[in-house]
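The values are calculated or read from the model by the stated rules, or taken from the named source; none is laboratory data. Computed from a prediction, not measured in an experiment: that's the story for all the values here. Neighbour counts are summed over all protein chains in view; Cβ atoms, including those assigned to glycine, are modelled from backbone coordinates with ideal geometry. Protein only, heavy atoms only, side chains kept; ligands, DNA and RNA dropped before computing areas. Shrake-Rupley method; radii C 1.70, N 1.55, O 1.52, S 1.80 Å.
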Amino acid sequence: LSDLTNKYIEEYNKSLSDILTATNEELRQQKTKEGALGNLYTDFFRFATGADIGIETSGNFRTAWQPGNISYASLFNMFPFDNELVRFEVTGKEVRRMIWEIEEGTYSYYPISGLRVVIKENSITGKRKVISVKLFDGEIERDIEDDEILSIATEDYLVPKKRGIKGGDDFGKVLKWKNKKNLKAYDD
């Protein structure tokens, strides 16, 4: 390799140890229930894009963060995929149907920000049933009107930017009936 290439590799490797933040507790996203890490990540989706709702698949969380410093390398280990944020619009009626499809689907739990979703799980079969879906900003909870327009932020793995590509996880079922209205990518 050339000296120039070696210089860039060296600088990149140094940046991986740069500290982003720290935690006093272990942060882990379980695949079956709500957790602080999933809440943090989907809050980031919402706030970074100005969306009403943030949704992620619990399968994208690949490790845990132990108490102490969190570096760029920790971030890349947690999220090793080259996914990009996307935002799209739905009606209130579509939000409820979407939540029903994904939360009762194959992959079960999805971290969500901006909604309060009540789910009942059958203790014998393990099947999940969505009982209610309401908007929730952290303080105020309210019903969702059928015709109100809401925006959702997620990753392009779940809701691809390109036509003809199926959505990831349970979003494949959602995209059979839902068009990606006003889809915007945040790829910078």
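General observations
- Under the membrane-span-like helix rule (DSSP H runs whose alpha carbons stretch at least 18 Å along the helix axis, mean Kyte-Doolittle hydropathy -0.5 or higher), the chain yields 36-49.
- Net +/- balance of residues flanking K93 in space, Cβ distance below 15 Å, scoring K and R +1, D and E -1: -4
- When you restrict to C-alpha pairs under 8 Å that are six or more residues apart and normalise by the size of the chain, the relative contact order lands at 26 percent.
- Taking 7 Å steps out from each Cα toward its Cβ at L4 and R116 produces label points 5.8 nm apart.
- Across all Cα atoms of the chain, the radius of gyration (one decimal) and Dmax (whole number) stand at 18.3, 63 Å.
- Overall, the chain carries a charge dipole of about 840 debye about its Cα centre when +1 sits on the Cβ of Lys and Arg and -1 on the Cβ of Asp and Glu, all other atoms neutral.
- Modelled label positions at L20 and K162, each set 7 Å beyond Cα in the direction of Cβ, lie 2.6 nm from each other.
- Positive-end extreme of charge dipole, the stretch 49-141 - chosen from Y72, T91, Y110 (charges on Cβ): Y110
- Segment A73-D146, length gained on full extension (0.36 nm per residue, minus Cα span): 22.0 nm
- Extension gain (nm, one decimal) between K181 and K129, 0.36 nm per residue minus Cα-Cα: 16.0 nm
- Beta bridges assigned by DSSP with both partners in the chain are antiparallel in approximately 95 percent of cases.
- Percent carbon-and-sulfur accessible area, the chain, ignoring ligands, DNA and RNA, probe 1.4 Å: 48 percent
- Ordered from largest to smallest accessible area (heavy atoms of protein chains, 1.4 Å probe), the residues E84, E155 come out as E84, E155.
- Per residue accessible area of the chain, 1.4 Å probe, in Å²: 61 Å²
- Mean residue ellipticity (222 nm) of the chain, computed from DSSP H runs ≥ 4 via -39,500 (n - 2.57), nearest 500: -8500 deg cm²/dmol
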